[in-house]
1. What do you get for Rg/Rh over the chain if you use C-alpha atoms and the Kirkwood form of Rh?
2. Would you mind checking the pairs 68/266; 12/266; 33/215; 12/57; 57/181 and listing those with alpha carbons more than 32 angstrom apart?
3. Where nothing but the Cβ of Lys and Arg (+1) and of Asp and Glu (-1) is charged, how large is the charge dipole of the chain around its Cα centre, in debye to the nearest 20?
4. Given Cα positions, please report Rg to Rh for the range 1-71, the hydrodynamic radius being the Kirkwood one.
5. What is the ratio of the Cα radius of gyration of the range 130-270 to 2.2 N^0.38 Å, where N is its residue count, to two decimals?
6. Need the C-alpha centroid separation for the range 117-150 versus the range 43-64, integer Å.
7. How would the range 160-223 be classified by its alpha-carbon gyration tensor: rounded, prolate or oblate, with rounded meaning a/c under 1.5 and the a/b versus b/c comparison settling the rest?
8. Of the heavy-atom accessible surface of the chain (probe 1.4 angstrom), what whole percent is carbon and sulfur?
Amino acid sequence: MNAQIIALSNQKGGVTKSTTCVNLGIGLAKAGKKVLIIDNDPQASLSISLGYQQPDKLPVTLTDMMGKILMDQPIAPGEGILHHPEGVDLMPANIELSGMEVSLVNAMSRETILRQYLDTMRRQYTHILIDCQPSLGMLTINALAAANRIIIPVLAEYLPAKGLEQLLQTVGRVRRQINPKLQIDGILLAMVDNRTNFAKEIGALLRETYGSAIKVFATEIPHSVRAKEASAVGKSIYAHDPTGKVAAAYENLTKEVLRIERQRDKRRAEIGR
């Protein structure tokens with residue numbers, strides 16, 4: 001078993017990265033996969049939305065693990081990993097991670113510290129999801145250097161072209177200089193209000209602008225108060241509102257992500273013949 005490592009990244013905040021990370025992770029677990037979710041954001045929205053309301057009181061976080069890699073110290077199997085009742089594992093974060101960002105600037109092989117940490121665990125999971133902070137700083141570069149796939153959630157509010165261009169340039173640079181294996185799974189439209197023509201226009205415009213070069217997921221995540229409630233009570237949308245439209249959307253997204261994986265495996269097998 002060698003994990004698929006998927007980064008969820010967009011330097012704009014409030015685009016449902018953490019919500020998507022939680023619900024895609026738990027969706028994959030429901031599909032029988034072994035999933036680890038990494039909170040790579042000092043704001044710790046992911047850890048909070050998985051029920052750890054006071055992340056600053058957690059004894060072990062991603063900062064400690066990356067610190068051990070920096071100091072060349074051994075990491076015990078499963079050290080610091082939390083188990084969520086819905087079947088996923090979590091490596092949480094808290095505000096200390098912003099200090100790690102500063103430490104990385106002067107570190108040797110600073111772009112690959114997170115990758116080195118994940119290398120200690122990638123055989124124990126089928127999927128590792130990384131929730132990136134809303135910036136293109138050193139922590140996000142570490143996530144892109146560690147991942148082999150990236151999903152880019154965007155809001156269906158206005159065409160987020162400028163931010164997307166910057167992110168795509170960064171992905172291109174990481175691919176050329178650090179991690180040639182990184183592939184973009186697609187752009188995910190989130191918080192879509194289908195009652196408005198505006199949301200439909202944004203979807204069409206995104207597909208027109210990027211669709212030839214980058215997949216735009218067929219699944220769109222609808223705007224919903226229930227999804228926000230789910231994060232507040234530390235549960236996935238599947239546990240909070242299992243029959244709602246958001247749960248159905250995340251289930252479809254999970255299927256799409258697994259389908260992309262199967263298609264790539266098939267192509268690789270054909271090339272290898």
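1. On the way: Rg = 17.8 Å, Rh = 18.8 Å.
Here Rg/Rh amounts to 0.95.
2. 68/266; 12/266; 57/181
3. Working: 33 positive and 27 negative charges, 213 e Å.
Result for the chain is approximately 1020 debye, rounded to the nearest 20.
4. Numbers: Rg = 13.3 Å, Rh = 13.6 Å.
Radius of gyration relative to Kirkwood radius: 0.97.
5. On the way: Rg = 16.1 Å, N = 141, 2.2 N^0.38 = 14.4 Å.
Dividing the Cα Rg of the range 130-270 by 2.2 N^0.38 Å gives 1.12.
6. Each part's Cα centre sits 17 Å from the other's.
7. Details: a/c = 2.65, a/b = 2.32, b/c = 1.14.
Here the range 160-223 falls in the prolate category.
8. Working: 6560 of 12510 Å².
Answer for the chain is 52 percent, counting heavy atoms of protein chains only.
The values are calculated or read from the model by the stated rules, or taken from the named source; none is laboratory data. What you are looking at is a predicted structure, and each value in this text was computed from that prediction instead of being measured. Note that each Cβ is placed from the backbone with ideal geometry, even for glycine, and that neighbours are counted across all protein chains shown. We work out accessible area using only protein heavy atoms, side chains counted, and drop any ligands, DNA or RNA first. Shrake-Rupley method; radii C 1.70, N 1.55, O 1.52, S 1.80 Å.
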